[in-house]
């Protein structure tokens, strides 16, 4: 006869988890995530060793997580240009990804621009935010007054990119599912949209092509560190409220909190790297990182892992002074100390 107490004692004696966990698919998946994570290299003795790893990582990452392959960028289409307040202009722009899809965006710039080209910022909204967010528009106006061009896109499937009457999660599921069928992860698609917006800005006569920074909040922060890790042409990166590792998300956070949709998790990424490696790939460019302590969906243990790893990589380049990591008790938005820190950072690294 089966003896549950004996079975449990045997398992505990062998330092194996209690028998009930053998029926939990979540627990099984957590173990697989931990196993894959442990295979990743995290110690690098020299800059050359890291650079070699980074080159292979980037190439493999693009194939693994499914970056869409867009054709060569063509000029964007300005659909409207209006005066905003006393001294700012906002344009409604279509940024072409290809012939069949254009990314809707707002572009803020000074009403009376200087004679020379200006630095630029791409601000990436979070899930499910859009270019219509008041705080983002206020920041775009704020930086335009100081001689910046600021582009805020609608990421698919939000804003003007999908039918607004369709239920939000249905829109997300549809786009994510269609992408999976053809090998495109949603976070990879968002990062590719950021890169295409950068290519559009480089075509503008009023923008300094080597002074285009990328920043974003929450999922916009995620596609910020992903796009900046892959594309060296972003002069600086500033992810807000987007700092934890995929390993911590699945082995720690999933025990008490589950994300509402799978879009932040590119398929197969732990076969290549974790988030801390992507932060390392941004080196030696300036990096501003802010985390919001009340955001319990970004566990602070993951933040600590990322900061520790990133500091080691920047130290290999002798430029630890180019990174600024900090957590705040703030709102989950581009207000207050977050907005102030980003403004100060942009003026320092772009002008």
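The values are calculated or read from the model by the stated rules, or taken from the named source; none is laboratory data. Nothing here was measured: the structure is a model prediction, and the numbers come from that model. Using ideal geometry, Cβ is built from the backbone for each residue, glycine included, and neighbour counts are taken over all protein chains shown.
A few points about this structure:
- The selection criterion, being surrounded by 19 or more Cβ atoms within 10 Å (Cβ to Cβ), at pLDDT 95 or above and part of a helix (DSSP H, G or I), does not hold for residue 215.
- Residue match in region 243-250 (condition: touching a strand residue (DSSP E or B) at 6+ places or on another chain (Cβ under 7 Å) and at pLDDT below 95): yes
- Filter result (closer than 24 Å to residue 211 by Cβ, more than 24 Å from the chain's Cα centre (by Cα) and free of Cβ contacts under 8 Å to residues at least 60 places away in the same chain) within region 85-115: 87, 88, 89, 90, 91, 110, 111, 112, 114, 115
- Residue ID - farthest from the chain's Cα centre (by Cα), chosen from residues in region 309-351 that are part of a loop (DSSP other than H, G, I, E, B) and crowded, with 17+ Cβ neighbours inside 10 Å: 330
- The set of residues from region 42-83 being buried (at least 18 other Cβ atoms within 10 Å of the Cβ) and under 30 Å from residue 140 (Cβ atoms) comprises 65, 67, 68, 73, 76.
- Only one of the numbered conditions (1) under 30 Å from residue 138 (Cβ atoms); (2) in contact (Cβ under 8 Å) with a residue 12 or more places away in the chain is not met by residue 340, and that is (2).
To keep it simple, each residue is scored yes or no on (1) modelled with pLDDT of 95 or more; (2) farther than 24 Å from residue 127 by Cα; (3) touching a strand residue (DSSP E or B) at 6+ places or on another chain (Cβ under 8 Å); (4) in the same structural domain as residue 150 (by TED's automatic domain parsing).
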site	(1), (2), (3), (4)
277	yes, no, no, yes
290	yes, no, yes, yes
300	no, no, yes, yes
311	yes, yes, yes, yes
314	yes, yes, yes, yes
320	yes, yes, no, yes
346	yes, no, yes, yes
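- The residue that is surrounded by the fewest Cβ atoms within 10 Å (Cβ to Cβ), counting only those in region 91-129 that are out of contact with any strand residue (DSSP E or B) (no Cβ under 8 Å at 6 or more places or on another chain) and closer than 19 Å to residue 217 by Cβ, is 128.
- Number of residues in region 300-318 that are in contact with a helix residue (DSSP H, G or I) (Cβ under 7 Å, 6 or more places away or on another chain), farther than 15 Å from residue 243 by Cβ and without any contact (Cβ under 8 Å) to a residue 60 or more places away in the chain: the value is 1.
- Taking (1) touching a helix residue (DSSP H, G or I) at 6+ places or on another chain (Cβ under 6 Å); (2) part of a loop (DSSP other than H, G, I, E, B); (3) surrounded by fewer than 23 Cβ atoms within 10 Å (Cβ to Cβ) in turn, residue 244 satisfies each apart from (3).
- Residue 35 assigned by TED's automatic domain parsing to the domain that holds residue 209 and either farther than 26 Å from residue 168 by Cα or not in a strand (DSSP E or B) (or both): no
- For the criterion of being touching a residue at least 40 places away in the same chain (Cβ under 8 Å) and either in contact with a strand residue (DSSP E or B) (Cβ under 8 Å, 6 or more places away or on another chain) or in the same structural domain as residue 138 (by TED's automatic domain parsing) (or both), residue 327 fails.
- Members of region 273-292 that are within 13 Å of residue 237 (Cβ to Cβ) and assigned to a loop (DSSP other than H, G, I, E, B): 283, 284, 285, 286
- Identity of the residue in region 130-140, touching a helix residue (DSSP H, G or I) at 6+ places or on another chain (Cβ under 7 Å) and crowded, with 22+ Cβ neighbours inside 10 Å, that ends up farthest from residue 213 (Cα to Cα): 131
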